[in-house]
Amino acid sequence: TVYHVKSALVDGVLTHFVADNGRIRWTIAGSGIWTNCGGANTVTTGNGIKTTFLRTLDVLLILNGVDKMKWVDLKTKNVVASVFVPNPTSAPTGALTGLTTGAYNIYFGYTFSSATGETKLSPILTQSINKPRDNWKVDGTEYITLSRPAGNPTGAKTWNLYVALASNGGTINDTDMLMLAGGLDLNTLAFTDNGTLAIDIGRGTPPTDNSTDGARATHGIESSGRPILFGIKDDLGNDTGDILIGGDGEFANDFSASNGGFRAQPSKGTDYYPASVIGFRNGQGIPSITVLFSNTEGISKQATLEQQTINYGNQTFVVWGVTEQNYGAAGVASSYGVVNYNGALTFPTFDGMMSMDTQPQLQNVLATRRAADDLAGFFKSVNTNALGEIVGTGWENKLFYIVPAYGFPTPNQIAIKDNNNNGSWYTEDIEAQWIGTV
């Protein structure tokens, strides 16, 4: 069973990729010959698993919610698997120069970064010193040399040093630590802290879990070159409600804070969970990442996910923030069915098709309204358990949705909204597993 067919320009040649029978396969447009990719080319397919793809940094991220992160290298057409890097088990050591032990403590720990994530923090070194870090001489005569054990774990790309100037409540914890230096060369085992390097409060505290072998994600979009993943599954296959944002520049596929990545947890601990993340706009018309939620009562809310600049003392840094917009619309029923086309979002809900757009009579407000009253009975015929099978796309001023109508478990109809004909809807008796535009 083949779902998403991803079409990508590879060296100017249109090339198609699919997940089929446990393998990623590719073909050049028009050739009709499918070839298995090389490398670590085993993926989980079948049992309704929908494998989709997302292109960033000239690789195709493979998303199915089951396998830890893998990607297709478009240059070699090999599948590459993320590598688990074990957490460091030994604390760093410190050597004082120009300083002595004394009445103050300073704390250090380190992590390793892989291509996709970061380990948890090492055991923390508690180093006694005779004066606070802010009072060290800046002439190079007072410093601490921090050393980590020799040997680099397989899959590690860089290492990162964390520091704390005080403990919270008398006992030092990982949550007290902040990054001092990130992206350090693995060939360097030591780092000299002379007190002049500012502590990077913008990167946050060390990870609470090891993300080096990547996430299990079902969906993703690309924004400004970064992948944004949602539908993140834990080891038991449960949706965590997290949204993972890739890092800066060449680290776009690294989701750890050490390289500019971010983990958003909107509405954590509530009944709401992100059902779709899509590039759209806010009520003021400013392009934004829009998050559509569902909850256990089948209702929704909307929020925007945006970068925000924070000023703290003499430091300025950028964080991602979730700003809630409104409540009350019907909950999104299928993450694959949210379509941004011709300036409007249209998506299936537990109460039929809905559309979100700016209304002429309402300023700075995105209004949600019913979008398919002439097919209300048709969409009501969809079994609740099959709503997630709906997939949509836009093309030639029309919207197309494959729909498992009349109680069918898989799509047996295509619902079409014809914007050339006053937005009227009609259906076609066509069975399909996926629909998209190339």
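The values are calculated or read from the model by the stated rules, or taken from the named source; none is laboratory data. Bear in mind the structure is a predicted one, so any value in this text is a computation, not a measurement. Ideal geometry is used to build each Cβ from the backbone, glycine not excepted, and the neighbour counts take in all protein chains shown. Remember, those area values only see protein heavy atoms, side chains included, never the ligands or the DNA or RNA. Shrake-Rupley method; radii C 1.70, N 1.55, O 1.52, S 1.80 Å.
Residues of region 93-123 being in a loop (DSSP other than H, G, I, E, B), farther than 22 Å from ASN135 by Cβ and among the polar types (S, T, N, Q), which ones? Across region 93-123, the qualifying residues are SER114, THR116, THR119, SER122. On inspection, THR126 passes the criterion of being free of Cβ contacts under 8 Å to residues at least 60 places away in the same chain, part of a strand (DSSP E or B) and open to solvent by 50 Å² or more (accessible area, probe 1.4 Å). Checking the condition touching a Phe, Trp or Tyr at 6+ places or on another chain (Cβ under 9 Å) and either touching a residue at least 12 places away in the same chain (Cβ under 8 Å) or among the basic types (Lys, Arg) (or both), which residue from ASP58, ASP20, ASP67, ASP73 passes? Result of the check over ASP58, ASP20, ASP67, ASP73: ASP20. Of the residues GLY247, GLY298, GLY241, the single one that is closer than 22 Å to ALA367 by Cα and open to solvent by less than 30 Å² (accessible area, probe 1.4 Å) is GLY298. Taking the conditions (1) in contact with a Pro (Cβ under 6 Å, 6 or more places away or on another chain); (2) of a type in the set (Gly, Ala, Ser); (3) open to solvent by 30 Å² or more (accessible area, probe 1.4 Å) in turn, ALA432 satisfies each one other than (3).
Among the residues of region 172-187, those that are in a loop (DSSP other than H, G, I, E, B) and either of a type in the set (Gly, Ala, Ser) or open to solvent by less than 50 Å² (accessible area, probe 1.4 Å) (or both) comprise ILE172, MET177, LEU186. For region 223-242, filtered to residues that are of a type in the set (Gly, Ala, Ser) and not in a strand (DSSP E or B), the residue that is farthest from THR89 (Cα to Cα) is SER224. Say we look at region 137-178 and pick out the residues that are of a type in the set (Asp, Glu) and over 24 Å from the mean Cα position of the chain (by Cα); which of these is farthest from ALA190 (Cα to Cα)? It comes out as ASP176. Residues of region 243-272 that are within 24 Å of GLY109 (Cβ to Cβ), outside any strand (DSSP E or B) and either touching a strand residue (DSSP E or B) at 6+ places or on another chain (Cβ under 8 Å) or small (Gly, Ala, Ser) (or both): GLY247, ASP254, PHE255, SER256, ALA257, SER258, ASN259, GLY260, GLY261, GLN265. Criterion applied to ALA303, ALA275, ALA329 was being small (Gly, Ala, Ser), open to solvent by less than 60 Å² (accessible area, probe 1.4 Å), modelled with pLDDT under 80 and assigned to a strand (DSSP E or B), and the one residue passing it is ALA329. Answer yes or no as to whether THR27 is part of a loop (DSSP other than H, G, I, E, B), of a type in the set (Val, Ile, Thr), free of Cβ contacts under 8 Å to residues at least 24 places away in the same chain and within 27 Å of GLN433 (Cβ to Cβ). No. Against the test of being surrounded by 22 or more Cβ atoms within 10 Å (Cβ to Cβ), touching a strand residue (DSSP E or B) at 6+ places or on another chain (Cβ under 6 Å) and either among the aromatic types (Phe, Trp, Tyr) or modelled with pLDDT under 80 (or both), the options PHE350, PHE293 yield a single qualifying residue, PHE293. Any residue that is in a strand (DSSP E or B), of a type in the set (S, T, N, Q) and closer than 23 Å to GLY140 by Cβ - is there at least one of those in region 202-222? No - not one qualifying residue is present in region 202-222.
Taken across region 401-415, residues that are closer than 15 Å to ALA344 by Cβ and outside any loop (DSSP other than H, G, I, E, B) do occur, with at least one present.
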